[in-house]
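Encoded as structure tokens, the structure appears first; notes follow it.
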Amino acid sequence: MAGLETTTPPHVDPARDFPLGVAGFRYQDLHREDRLAALDRAFTDELAAESPELAQRLTAWRADPKSFDPLSRSRLLVEAARPLSRFLARLFGIEKEWRAQAADSGPEAVLFRFRRDFLQRRALRAKLPDENGLAALGDRARALEALFPDLPWEADPELATASLGSELWDLEAELLAVVRQKKKPQVAPEMRARALEIARGAAAARDLPRAAGEDDAGLLELSTALVDLYASWCRARLERPDLDPRVRRWVCFHLPEKLDYANLVATERPNPALPEERVGPFDRRRRREGFTLTDPRMTRRQVLGEAHYCLLCHERQKDSCSTGFFDDKQGLFEKNPLGVTLSGCPLDEKISEMHALRREGDSIGALALICIDNPMCPGTGHRICNDCMKGCIFQKQEPVNIPQIETGVLTDVLALPWGVEIYGLLTRWNPLSATRPVALPYNGKNVLVVGLGPAGYTLAHALVNEGFGVAGIDGLKIEPLPAHWTGEDGRGIAPIQSFGEISQPLDRRPLAGFGGVSEYGITVRWDKNFLTLLHVTLARRRRLAILGGVRFGGTLSAEQAFEAGFDHIAIAAGAGRPTIIGMRNNILRGVRKASDFLMALQLTGAFKDEALANLQMDL
């Protein structure tokens, strides 16, 4: 077992050990515990020079996390994540790309202010004309849009619509505050100038209302008329997407639906003669052919929309997505109408805090917050777990899609140059973590982890960070990764600049066997390239050996493991045994259990066009 503790190869390929953006550090240093400790000191020293008070609080947090109340902890982590993301961007020389990625988050915030204020508070209450009046309403709305020629009506009509609606809303609010509410002595000069410009443009248009005068009262009357006009047009398009088919795809027009716990899954009954026949809504169907990824996840704009939908409950210590709904009187977690316990995220992720940074466009800082509690986050998120959604503060309407945001944050980082390396580094070094900011050196103890599914590989990661030597075994055959990715060729670990270097279309991706149920149990709704990312990240650890085709109790017994020098054995074998349904004839010839079918489909490669494997199915 002494072989688990290795050193950096003496003959590192110079191309694999380039200098980094922080003085004194090279790429291979990121895979050595002693150099990670030095990197941690470099960051904390830099933070102390830049913001002494913040550095002092971070040091206190790492020394005694229990001394921080939840709100103080949340504010500290969000504030400290910002300089950490700047440090990491500089470390890998990607400041330009990082800032460019975040640049659209500020301007696009208007989409979600429009949805919250203009659409929900005004448009949903607006009056609609009859069928004959809809065409005229559309003509008047387009005449209003013509008064805003600088908005991107061709390139981004959604952003243009939201910008127009929000500007009208703001002008009306400013005039109201002066004319009727008497909250302000006068209208801000720039706002009044803009209101006058719009009023004169409306006067020159044929189909728009005109101001009674250019005083504040006249401008307010016109502003209200224009808001009402555009609110009616937005409501018409919301209720009649055929008037403008584009709005179906617009994030700012997506309003949360009410939750009906008796009918959580929407269905239709297309056959009146057979009312028992129920199908899914036609407009939500996704046709599939073959075994490519069927759910490409939310777009960046949709993810940002979910982050803005979140109320950021951590500021009020109501972040039930993380902590659950706890009844202090009964000493138990509450349950929803379906009897599901609302315990929140089982990992206690800093969810609301992560959303705050994602709103700013800071994907690196948001990922650092995720990795405090969930460093193996490529294996969670979208399509994998949703206890956080069940615990969302919105219990009577559609919850925030937290798994999509988590996976979107990871995807944003992976889209950056060196994104794979940034994620991997945060699993070994995260100065925001109070329990283990830096991976520890070898402590002389060795652990055998049996099973390399989600539980096994997560445990292996934690043990290596605590200084143990670890061998992870699995009954499945685990294909070795390319030697240059892991440094097995003796020339040092080859850096991965682009996630595209390790990702492939699912119908061509080789089955590595790593990940247990994540590899064979999930088909094409989840991107298994995230599993490859985990495999690469863990296989690079110097004190972790990954061995496939080893059956514990057969190939290797407990006695043999202890004789080989292991100090502990951890069983993480999962629950791969098929579930036997309590009904007659459920194990007839030709009937297969779900887990058995998925394992046969995946491990034989029968899903690939070029495969010769034969998988019989009977209906």
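The values are calculated or read from the model by the stated rules, or taken from the named source; none is laboratory data. These numbers come from a predicted model, not from an experiment. Using ideal geometry, Cβ is built from the backbone for each residue, glycine included, and neighbour counts are taken over all protein chains shown. Surface areas here come from the heavy atoms of the whole protein model, side chains and all, with no ligands, DNA or RNA. Shrake-Rupley method; radii C 1.70, N 1.55, O 1.52, S 1.80 Å.
Here's the yes/no breakdown for (1) in contact with a Lys or Arg (Cβ under 7 Å, 6 or more places away or on another chain); (2) not charged (D, E, K, R):
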| position | (1), (2) |
| --- | --- |
| L342 | yes, yes |
| D348 | no, no |
| E353 | no, no |
| L357 | no, yes |
| I364 | no, yes |
| L367 | no, yes |
| P375 | no, yes |
| G379 | no, yes |
| I384 | no, yes |
Condition check: more than 26 Å from S74 (Cα to Cα) and either open to solvent by less than 30 Å² (accessible area, probe 1.4 Å) or of a type in the set (S, T, Y) (or both). Does L416 satisfy that? yes
For the range 281-294, the count of residues that are farther than 30 Å from R509 by Cα and open to solvent by less than 100 Å² (accessible area, probe 1.4 Å) equals 1
Could you please give the count of residues in the range 453-477 that are in a loop (DSSP other than H, G, I, E, B) and open to solvent by 20 Å² or more (accessible area, probe 1.4 Å)? 5
Could you check, for the range 13-28, whether at least one of its residues is out of contact with any Leu (no Cβ under 9 Å at 6 or more places or on another chain), surrounded by 14 or more Cβ atoms within 10 Å (Cβ to Cβ), of a type in the set (A, V, I, L, M, F, W, C) and at pLDDT below 95? no
Quick one: would you say E519 is surrounded by fewer than 21 Cβ atoms within 10 Å (Cβ to Cβ), within 24 Å of L459 (Cα to Cα) and charged (D, E, K, R)? no
Do you know which of the residues in the range 564-605 that are part of a loop (DSSP other than H, G, I, E, B), in contact with a helix residue (DSSP H, G or I) (Cβ under 7 Å, 6 or more places away or on another chain) and closer than 30 Å to G290 by Cβ is most open to solvent (accessible area, probe 1.4 Å)? G574
Please pick out the residue among L255, L259, L208, L229 that is surrounded by 13 or more Cβ atoms within 10 Å (Cβ to Cβ) and either farther than 28 Å from L159 by Cβ or of a type in the set (D, E) (or both). L259
D216 passes all but one of (1) closer than 24 Å to P149 by Cβ; (2) acidic (D, E); (3) open to solvent by less than 50 Å² (accessible area, probe 1.4 Å); which number fails? (1)
Can you confirm whether the range 535-555 contains a residue that is under 17 Å from T458 (Cβ atoms), of a type in the set (G, A, S) and assigned to a loop (DSSP other than H, G, I, E, B)? no
Count, please, the residues in the range 234-248 that happen to be under 16 Å from W153 (Cα atoms) and either in contact (Cβ under 8 Å) with a residue 24 or more places away in the chain or among the aliphatic types (A, V, I, L, M) (or both). 3
Report the residue count in the range 154-191 for those that are farther than 15 Å from C252 by Cβ, not in a helix (DSSP H, G or I) and not β-branched (V, I, T). 10
Checked the range 340-352 for anything touching a residue at least 60 places away in the same chain (Cβ under 8 Å) and open to solvent by 10 Å² or more (accessible area, probe 1.4 Å); matches are K350
With of a type in the set (D, E, K, R), open to solvent by 60 Å² or more (accessible area, probe 1.4 Å) and closer than 30 Å to A103 by Cβ as the only criterion, which of R248, R278 stands out? R248
Qualifying residue in the range 353-362 (condition: surrounded by fewer than 24 Cβ atoms within 10 Å (Cβ to Cβ), more than 18 Å from W61 (Cβ to Cβ) and free of Cβ contacts under 8 Å to residues at least 24 places away in the same chain): no
Could you say which residue among P296, P272 is within 24 Å of R525 (Cβ to Cβ) and not β-branched (V, I, T)? P296
I'd like to check something: does the range 55-64 contain any residue that is open to solvent by less than 10 Å² (accessible area, probe 1.4 Å) and either within 20 Å of I370 (Cα to Cα) or not small (G, A, S) (or both)? yes
Just one of (1) of a type in the set (A, V, I, L, M, F, W, C); (2) part of a helix (DSSP H, G or I); (3) exposed (fewer than 11 other Cβ atoms within 10 Å of the Cβ) trips up L264, so point out which. (2)
